[in-house]
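Structure first, then comments.
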Amino acid sequence: MNLSKRKVCYFMDNDVGGYYYGQHHPMKPHRLAMTHNLVLAYGLYRQMEVYRPRKAAPEEMQWFHADDYIDFLRRVTPDNANQYAKELKQFNVGGDCPLFDGLYEFCQSYTAASIDGARKLMSGSADIAVNWSGGLHHAKRSEASGFCYVNDIVLSILELLKFYPRVLYIDIDVHHGDGVEEAFYVTDRVMTLSFHKFGDMFFPGTGDVWDVGAGVGEYYAVNFPLKDGIDDESYEEIFNPVVSKVMEIFQPSAVVLQCGADSLAHDRLGCFNLTTKGHAKCVSFVRSFNVPTLVLGGGGYNIRSVARCWVNETSVLLDTKLDSRIPYNDYWEYFAPDYLLHIDKTTMENSNSKQYLEKLRIKIMENLRALNAAPSVQMQEMPPTDFDSESDDDDADPDERPMQAAADARQASNEMYDDEQDQGFEKTAGASAT
């Protein structure tokens, strides 16, 4: 395969920008409309297969989420909320996770795009699948959390596990990917790797370096807790060696990369000092391993920075260089006064000393070496990827789309697993913002 050019598919819902969390809420789905518009303005769509997401069926979301939780999301609306007072409290809907018009349809759209992105990788019809509307990593099995309602990441990983022996999840959001880590805390088929702010009561309060997984999943949860103000240079010095060692030890069959843009400088909720160029270097580095990769969005609360970040990273995935001046588009005025693609860092102090970062890096490397000393059966040589690309579901009637039984038939040969243990559905302890 040509390591430069990859087959990339992109999920774009032109209606997604119309969903509205509320006037003063920091989460703005409008950022997705801005991102898609920049993808069009730069002409990147010509280099990708572009798909409009379908609506995920409730049964698909119930692969991970509790039946009563998904049923509640289907039924509740702002107009009938008074009938669901008990459930609103039970499922943590309200406040940071508001009830808004079209909430369930919003969840259906971003979830289906992530699941179908996984299927594109499994079929071999794409090497990289992109869904900027996904990446909602805080949602739990039975409750909303941190602006997230349905955990599309967990669902897409479960889809990938039907075919791939091992899946690596990498999270560069400023917040810890707690919902994903919790879901796979006791399995060795999924490794979760999160670089995030930790301490000072920062949401969600999880993700210490000592949180490493449990049972057969011990050391398969990898956390790099960071302090305020980390910049491009410091981030690259930790990201590249840790990801390289994880790739060497775990040998993932597929990667899911969450690209939360709240780790950028100037974010409303974040406290890091990355530029769009530094953030994109992480994406480029993961791409360089030539492993099937599902790329997702996540947090990001300066919508001008988010759109810049994600269109630039789309170009990185396509190995295409963009003009530094943003072309005219429907949201032209949002990028005033300079209309430039990249953002600079601020004068914020980097509280992460070289000694602090090196100490954490050494600890993480020690944990990874413990895996090398005691490999599990899944650490054997991967079976060949022989998924039938002709069995793609895109042309099928969505109401007759094959569900669990057909998907199970995709499982790679010579790989047999105990589903409940391998998927990590046992309850684990764990805990606002994506």
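The values are calculated or read from the model by the stated rules, or taken from the named source; none is laboratory data. These numbers were taken from a predicted model, which means no experiment stands behind them. Virtual Cβ from ideal backbone geometry, glycine too; neighbours counted across all protein chains shown. Only protein heavy atoms, including side chains, enter the accessible area calculation; ligands, DNA and RNA are left aside. Shrake-Rupley method; radii C 1.70, N 1.55, O 1.52, S 1.80 Å.
Before moving on, here are some points about what is shown:
- What separates the Cα centres of the range 51-68 and the range 93-126 is a distance of 8 Å.
- In terms of its C-alpha gyration tensor, the range 1-72 comes out oblate, because a/c is 1.5 or above while a/b does not outweigh b/c.
- Overall form of the range 181-319 per C-alpha gyration tensor (a/c, 1.5; a/b vs b/c): oblate
- Accessible surface calculations at 1.4 Å, restricted to protein heavy atoms, place the range 26-160 at 32 Å² per residue.
- Applying the criteria of a DSSP loop state and at most 16 other Cβ atoms within 10 Å to the trypsin sites (Lys or Arg not before Pro) of the range 321-366 yields Lys321.
- Annotation for Phe285 and Glu233: the two label points, set 7 Å from Cα along the Cα-Cβ direction, are 1.6 nm apart.
- Charge sum, other residues only, whose C-beta stays under 13 Å from Phe106's C-beta, Lys/Arg counted +1 and Asp/Glu -1: -2
- With a Förster radius of 35 Å applied to the C-beta separation of Asp101 and Lys359, the computed FRET efficiency comes to 0.10.
- Distance in nm between pseudo-label sites at Asn82 and Gln47 (7 Å out along the Cβ direction from Cα): 5.5 nm
- Among the chymotrypsin sites (Phe, Trp or Tyr not before Pro) in the range 292-353, those placed in a DSSP loop whose Cβ has at most 11 other Cβ atoms within 10 Å are Tyr328.
- Against the empirical curve 2.2 N^0.38 Å, the C-alpha radius of gyration of the range 257-357 lands at a ratio of 1.12.
- Pairs from the table (Lys245/Lys363; Lys281/Lys345; Lys89/Lys197; Lys55/Lys89) lying more than 22 angstrom apart at Cα are Lys89/Lys197; Lys55/Lys89.
- Basic side chains Lys and Arg get +1 at the Cβ, acidic Asp and Glu get -1 at the Cβ, and with that the dipole of the range 130-288 about its Cα centre reaches some 480 debye.
- Note on Arg141 and Asp319: the extension gain reaches 60.4 nm, defined as 0.36 nm multiplied by sequence separation minus the Cα-Cα distance.
- Solvent exposure of Glu236, expressed as accessible area, is near 70 Å², computed with a probe of 1.4 Å over the protein chains only.
- Förster radius 25 Å - calculated FRET efficiency between Lys7 and Tyr339, Cβ distance, rounded to 0.05: 0.20
- Chymotrypsin sites (Phe, Trp or Tyr not before Pro) within the range 170-216, DSSP loop, no more than 13 other Cβ atoms inside 10 Å: Trp210
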